[in-house]
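Inspection log for the structure reproduced underneath, given as structure tokens.
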Amino acid sequence: MSPIVSVIIPTYQRKKGIVRAVESALAQKMTAHFEVIVIDDGTEEGHLAKPVLQRYIDAGQIQYIQNTGPHGAAFARNLGVSQAKGKYITFLDDDDCYLPGRLNNMLSTIEANNYVFVSATRFHEYFDFQVIKPLQGQLSGLISLNDIQWINDIDIGILLKRQDFLDLDGYDTAFNNLEDWDFLLRLLQKGNGFKLERQDYAENVDPDRSRNSDKGHLGYRQIAEKHHAIFGDRWYGTMLAISDQGKGLLNLQKALGYSFRYKTISPFTIYLRQLLR
């Protein structure tokens, strides 16, 4: 039986977290057939996830693919999609997990509507759910391109048609990070998405765990360059200022230069706020 949904989990040197992530995916108890694909981006013996996942592999519950990496999360996700058999695909980071019912709710919503993706809201958890913190002010409902032009409020675990992902050539591996935001900006040019108002994606934010998204400012300039033509000069100048601020490079001269050149006060305002911190 061919799967309807493929869950793709890239992992890199996180043997403890990957077990929790895989188990949360397998526990979804979907009404439709689904598959779980783990892409191990590591190559060093002693750090590979296969030993801790062997029982799931032997039981045929997951497909395990060792990458020739490390090539990064974007490459690993693209590789997972290339091996997926589902009509729909979704993603899960190896330090995060799904709550029960997530996939069924997203699948029923996307099949009943003409959305390019469906997602849901998320929350932060620390130290294996010892502390839980809801995130305030998240987007929900209909999501358009303009809703995420300044910042991405959609987690990595979107559900979308595999063919749409392939048509857009997947994640851009040239990005340092924020490749998920870049992909969403491209995807939402095909139509609107939808975000369910239920918190069922647990994002682990333990202080001792590094995440690629922690260095989000590194990708802002790449986002700005790639999508300049869509959002225009004022957006572009503001994004350049945000990028420089994140790198600690925004000074008065640069802020004024961006403001005058791109006819927006936002870079100067960002600089003033920086001074007041």
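No value in this document is a laboratory result; all are computed from the given coordinates. Everything quoted here is computed from the prediction, not taken from an experiment. Cβ: placed from backbone, ideal geometry, glycine included. Neighbour counts: every protein chain shown.
Axis of helix 252-262 versus longest Cα principal axis of the chain: the two differ by about 90°, to the nearest ten degrees.
Over the chain, dividing the summed -39,500 (n - 2.57) contributions of all DSSP H runs of at least 4 residues by the number of residues returns a 222 nm mean residue ellipticity of -12000 deg cm²/dmol. Sites count as exposed loop sites when they are chymotrypsin sites (Phe, Trp or Tyr not before Pro), lie in a DSSP loop, and have at most 14 other Cβ atoms within 10 angstrom; the longest stretch of the chain without one is 151-277. For region 130-277, the number of Lys pairs with C-alpha atoms closer than 19 Å, counting only pairs eight or more positions apart or on separate chains, is 6. Compute the angle between helix 73-83 and the longest alpha-carbon principal axis of the chain, please, reported from 0 to 90 degrees and rounded to the nearest 10. Once rounded, one gets 40 degrees. Run the paramagnetic zone check for K85: 7 angstrom along Cα to Cβ, then residues of region 32-74 with backbone nitrogen under 14 Å. Counting only backbone N, you get 33-37, 60-64. Around the amide H of D206, modelled in the peptide plane, lie the amide H atoms of F127, all under 5 Å away and 5 or more residues distant in sequence or on another chain. The amide H of V36, built 1.01 Å from its N in the peptide plane, has V7, Q63 as neighbours under 5 Å, considering only residues 5 or more places off or on other chains. Taking the Cα centre of the chain as reference, the dipole from Cβ charges on Lys and Arg (+1) and Asp and Glu (-1) amounts to some 640 debye. ³J(HN,Hα) across region 229-238 via Karplus (A = 6.51, B = -1.76, C = 1.60, θ = phi - 60°), whole Hz, x for Gly/Pro? My calculation for region 229-238 gives 5, 7, 9, x, 5, 5, 4, 4, x, 5 Hz in order.
For the chain, modelled as a Gaussian network with Cα springs under 10 Å, which listed residue fluctuates most, D167, D40, D182? Looking only at D167, D40, D182, the largest GNM fluctuation is found for D167.
Cα gyration tensor of region 67-187, axes a ≥ b ≥ c as square roots of the eigenvalues: rounded (a/c below 1.5), prolate (a/b > b/c) or oblate? The shape class here is rounded. Each residue in T43, T68 was given a count of other beta-carbon atoms within 10 angstrom of its own, and listing them fewest first yields T68, T43. Between D128 and E197, the contour length at 0.36 nm per residue exceeds the alpha carbon distance by 22.5 nm. Taking a ≥ b ≥ c as the square roots of the eigenvalues of the Cα gyration tensor, region 217-276 is oblate, since a/c reaches 1.5 or more and a/b is not larger than b/c. Helix 102-112 axis versus longest C-alpha principal axis of the chain: approximately 80°, rounded to the nearest ten.
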